[in-house]
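Visitor: Starting off with a structure, shown below.
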Amino acid sequence: MKKPLIFLFVLCIQFVNSQDLALVKKNSKIGYISKDGNFKIEPQYKSAKSFSEGLAAVENGGKWGFIDTKGTWIIPASFVDSKDFNSGIAIVKKDKDWVYINTKGEIQTPPPTEKLFDFNNGVAFIRQSDKVGLINSKMAIVLQPKYDQIKSFENGFARVESNKKWGIISADGKEVVEPVYDEIGNYFKNTTWARKDKTFGIVSAGKFIPVDGAEKIWDFETQDLTYAKKNGKIGFIDLKGNWTILPIYDKAKAFSKNLAPVCVGSKWGYINPKAEFVIPPTYSDAEVFSANGIAPVKEKNWGFINESGKLIIPTQYGITSNGFVIALFVQQDKGFIDGLARVKNEGKWGFLKPDGTVLGNQWFENAELFSKSAEKEKVVTEVAVEKPKTEVKPVTKPAAKSATKKKK
């Protein structure tokens, strides 16, 4: 018997008039700066988190609530702990229980689940009897629990495990790659890499194409090439599984702006898709190029080069994430992001502009990446979901980004 479907008119949120704000710590207090380098909210909080969907979790008197970009309390500080908003939903700890709330602070009750999971791409995991499914932000079931694991969604797709085999689903719960592989990569332009027994290959249009001699394949990123290992060396393959750059390098990273960092011996340089060195291997480390055509390179410390290899910002900074606040979802934090690069200098954190000047001429005890905060407008869309079971109170603590079955 087919499960009944309910068509819900879901209020999806689109963001307009967005402003990027970054959490910074100055004189042991936390505040928020905008991209002009000025404080949007003066440092005044002992504990706080980055903005997400126009709200930031802030601690006040030992309790957590949420403020808007003007510093106004939107959700009073009444929770023991809190996580960030995503898809209009946040997980908070109320008394001894973790619960979902919406942006009005109203508690949202999900279908039965053994744990609460963060929302991402409009969905969150639910776990029942060692199986994992999906719900939407209206707490309706999108996918009945059927998988042993679901990994975090990336660009609308997630890796899933069933009976020790891996596949890929979309955010609406549909299988785009059947779980028949021993290992699988991300989903990029309707293509992924996978391993079948001991053979690595490309999966396209449901067909597995072995890659000659591949011992490992990395995820596709922004271009139609990714790096792979053969005979202990690294080269590059295309979306059809062809070796377009022979495996002759010791290490490599992703192509961006038609340049990829590769390592020969202990030195890093950059090649183009024709395997020509555009920037000779002279650095002790190198990262991929940002959208603005600037890449971090390391001698003793880190600096930045342009696409011609010219050092435009001296190698005098640290760029590794400081881990002050753990982001809800992993993101690239090295190099320039939306026009600014977070760096460390003499124990302080700040933001560099492409010309090498320091944003606002200020350094901070800690600084997090800029995150968008915005006013919101409502757009009505129609979404079909499975009829939920009787609602019960969820139990236990919230889980991490991927859902797995319990170990016995």
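All of the numbers you see were taken from the coordinates with simple rules; none came from a lab. Source: prediction; values computed, not measured. Note that each Cβ is placed from the backbone with ideal geometry, even for glycine, and that neighbours are counted across all protein chains shown.
Visitor: For the stretch 91-248, what number results from the quotient of the Cα radius of gyration and 2.2 N^0.38 Å?
Guide: 1.23
Visitor: Please list the non-local residues whose amide H lies under 5 Å from the amide H of Ile74, H modeled 1.01 Å from N, same-chain partners needing a gap of 5 or more.
Guide: Phe66, Ile67, Asp68
Visitor: Work out from phi, with θ = phi - 60° and the Karplus expression 6.51 cos²θ - 1.76 cosθ + 1.60, the ³J(HN,Hα) of each residue of the stretch 341-352, listed in order in whole Hz, and give x for Gly and Pro.
Guide: 10, 7, 9, 10, 9, 6, x, 10, 10, x, 10, 9
Visitor: Per residue of the stretch 218-226, what does 6.51 cos²θ - 1.76 cosθ + 1.60 with θ = phi - 60° give for ³J(HN,Hα)? Whole Hz please, x for Gly and Pro, Karplus curve as stated.
Guide: 9, 5, 5, 10, 10, 10, 7, 10, 9
Visitor: Moving to a separate point now. Go through the stretch 132-149 residue by residue and turn each phi into a ³J(HN,Hα) via Karplus (6.51, -1.76, 1.60, θ = phi - 60°); whole Hz please, and just put x for glycine and proline.
Guide: Values, residue by residue: 10, x, 10, 10, 9, 6, 8, 6, 9, 6, 9, 9, 4, x, 9, 9, 6, 9 Hz.
Visitor: Still on this model: Once you have a ≥ b ≥ c as the square roots of the Cα gyration tensor eigenvalues for the stretch 202-241, tell me rounded if a/c is under 1.5, and otherwise prolate or oblate according to whether a/b is larger than b/c.
Guide: Judged from the Cα gyration tensor, the stretch 202-241 comes out oblate (a/c at least 1.5, b/c at or above a/b).
Visitor: Right, something else. If you count, for each residue, the other Cβ atoms within 10 Å and average over each peptide, how do 298-304, 55-61 line up from highest to lowest? Show your work: numbers first, answer last.
Guide: Working: 298-304: 17.9, 55-61: 19.9.
The densest-packed peptide leads the list: 55-61, 298-304.
Visitor: What ranking do Ile74, Ile237 get, fewest neighbouring Cβ atoms within 10 angstrom at the top?
Guide: Ile74, Ile237
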